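Presented below is the structure to which this report refers.
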Amino acid sequence: MEDKGLRLVYWEPDQGMRFFEAARGLGLEGVIGKRASSKYLPGRRSDDWRKIKILKRQDCVILGSTPGQRGRSDAFGALLLGAYRDGKLIWVGQVGTGFTDRMLKVVLDRLAELQTDRPPIPDPALKKIKGARWVRPELVCEVEYLQMTAGGKLRAPSFKGLRPDKPPEDCILEPAA
């Protein structure tokens, strides 16, 4: 008998990929995979249960950066990102994770070449970012993210690398699932 506190869960062995693809098709955040013989441990984590997030990728134009803090005070904290929607470059958020030490240096050197004294787009919220350093919108990177927020910003983005093969105008914002 099912009620609010009890739910029967059905499973099929060796169908994880099919289940994952079905969840992706429904626009869900992810799935939980578990060892069939594992027990549920209320309030505790276990290596027998894994959260598998459904991530998306987006090519973005780098608009600038925020100041670095603590261990990254000599680099930058996050990259400010843009993408094109309906032919217009818009701010889609920032990414501050996913960088290796080597990639931080490469990106920092490239940003120095493109530095300018004003924001590359007229977004009032972007202009308010304290200590932001602006660049000409010529450098493209790829990020992986969980989903878009209701406000049109990337949620939980992670830097995956520069895209020297891609021009900025090809960074079209992917439609939300």
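Among the conditions (1) within 19 Å of the chain's Cα centre (by Cα); (2) closer than 19 Å to Asp170 by Cα, the only one that Ile54 does not satisfy is (2).
Yes or no: region 63-70 includes at least one residue that is farther than 26 Å from Pro164 by Cα, loosely packed, with under 15 Cβ neighbours inside 10 Å and either out of contact with any Leu (no Cβ under 7 Å at 6 or more places or on another chain) or among the polar types (S, T, N, Q) (or both). Among the residues of region 63-70, at least one is farther than 26 Å from Pro164 by Cα, loosely packed, with under 15 Cβ neighbours inside 10 Å and either out of contact with any Leu (no Cβ under 7 Å at 6 or more places or on another chain) or among the polar types (S, T, N, Q) (or both), which makes the answer yes. A Cβ distance below 7 Å, combined with a sequence gap of six or more or placement on separate chains, defines the contacts here; from region 149-166, residues that are under 18 Å from Ile54 (Cβ atoms) reach residues that are part of a loop (DSSP other than H, G, I, E, B) in the pairs Arg155/Leu146; Arg155/Thr149; Ala156/Leu146; Ser158/Thr97; Ser158/Gly98; Lys160/Gly98.
Among the residues of region 95-128, those that are in contact with a Pro (Cβ under 9 Å, 6 or more places away or on another chain) and in contact (Cβ under 8 Å) with a residue 12 or more places away in the chain comprise Val95, Gly96, Thr97, Gly98, Leu114, Pro120, Ile121, Leu126.
Within region 139-177, the set of residues being farther than 14 Å from Leu81 by Cα and among the hydroxyl-bearing types (Ser, Thr, Tyr) comprises Thr149 only. Checked against (1) in the same structural domain as Glu113 (by TED's automatic domain parsing); (2) modelled with pLDDT under 90; (3) within 26 Å of Gly152 (Cα to Cα); (4) not aromatic (Phe, Trp, Tyr), Val31 passes all but a single condition, namely (1).
The values are calculated or read from the model by the stated rules, or taken from the named source; none is laboratory data. All figures in this text were calculated on a predicted structure; none of them were measured in a lab. No Cβ is skipped: glycine too gets one built from the backbone with ideal geometry, and neighbour counts run over all protein chains shown.
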